[in-house]
1. Evaluate the distance, in nm, between pseudo-label points positioned 7 Å from the Cα of residue 302 and of residue 34 along their respective Cα→Cβ axes.
2. Of the candidates 422, 232, 184, which one comes out as most mobile in a Gaussian network treatment of the chain with C-alpha springs shorter than 10 Å?
3. Taking the Cα centre of each part, how many Å lie between the range 135-160 and the range 32-53?
4. Over the range 17-247, what is the percentage of antiparallel beta bridges among all DSSP beta bridges, to the nearest 5?
5. Which residue fluctuates most in the GNM of the chain (Cα springs below 10 Å): 111, 144, 243?
6. Give the relative contact order (percent, whole number) for the chain; include only Cα pairs under 8 Å separated by 6+ residues.
7. Roughly how many nanometres apart are two label points built 7 Å out from the Cα toward the Cβ at residue 161 and residue 430?
8. Mean separation of Cα pairs under 8 Å and 6+ residues apart, divided by the residue count of the range 267-422: what relative contact order is that in percent?
């Protein structure tokens, strides 16, 4: 994405992924625009953050009364990001002054709703009705929240400093961020993973408090963050960031091009995560009976969710490099009718994991699954890791994804397989910066 869409949901001034995504025609007549907007925000967030972990319209009940806890909970490993969304029913009909007054009012309302969500009793279960998972329940109430956000739909920057007393920047240790809806969605597309978004929001907290109470103009801050390799160190605020990127426009354009080229490889991995949500009706064909027991029963999705979570945990550059390796494995067999190839990857931030990617052409599925099982055990033994995920591209037949079981016993056969298959692999070390390095 070269441009940053800085206007309202249905009114984008520049072409971008977000603009094309939302240009899908008028809202259905049976829904209010705000409800329609929530559905489309859900769809967009589900692309980088994985649909299974995007919970919209989180509810609870007290007695016979049902209440909304939050518009969105982006769940991540027992915690997540809580979001209050404030959209307009009739954008474009307010004067700039009236839009500012409306936005300030809605920002305060969103902040109040977030704080109320945090102060609810923990013994009240919460849930949402998910488009793919059905009823998703949190029986112990709201999970641990790493960050909270109020996103307000505005087409122009709005200064919230006059309402500072009503707009706290944290509640009981949970940071609260105020963004325009368009900026929030652009950050989701640019940062792509919950760990990356959490890192960005955390780094952003180093800015002066006045700069944190502003809706809009996030493109300026993100430009500085990109050129500064994922950091706000040395940033004195929005005005300083604006001056810094104004003097380096050509570098910024080049950086955005490099990032876009690298992000294409993240698309490969995100495609696998989406595919995991849909089970092949013939998934059991060619699966040995002993191995079939490792698959979820038809009515359950527990293992598939764990596979998605193992990949969603990765930062953007980790997701990019794993996608690049998966694409490279497939490219090695592009002109072959039969063959098998694989690669191993490890990341410093995911110390317990070894990741395997590979490609297979032709051959018997039973043999492929047995080989994957052996390689998973061998990789865990050789690299001394307790967890492993293995993705194999089967060309036009989809993907095979294997996830190690917790508490597995390492055998001598695993040790021997590890030495045999991984002992001779060429090892390369790649520093992973937020801004991808220039590649030939």
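Bear in mind these aren't lab numbers, they're just calculated from the coordinates by the rules spelled out. Worth saying up front: this structure is predicted, and the values here are computed from it rather than measured. Please note: Cβ atoms are built from the backbone with ideal geometry, for glycine as well, and neighbour counts cover all protein chains shown.
1. Between residue 302 and residue 34, the simple spin-label model gives 4.0 nm.
2. 422
3. 13 Å
4. On the way: 24 of 37 bridges.
Here the antiparallel bridges make up roughly 65 percent for the range 17-247.
5. Between 111, 144, 243, it is 243 that shows the largest mean-square fluctuation.
6. Details: 708 pairs, mean separation 53.0, N = 440.
Contact order relative to length: 12 percent.
7. 4.4 nm
8. On the way: 214 pairs, mean separation 30.5, N = 156.
Reported relative contact order: 20 percent.
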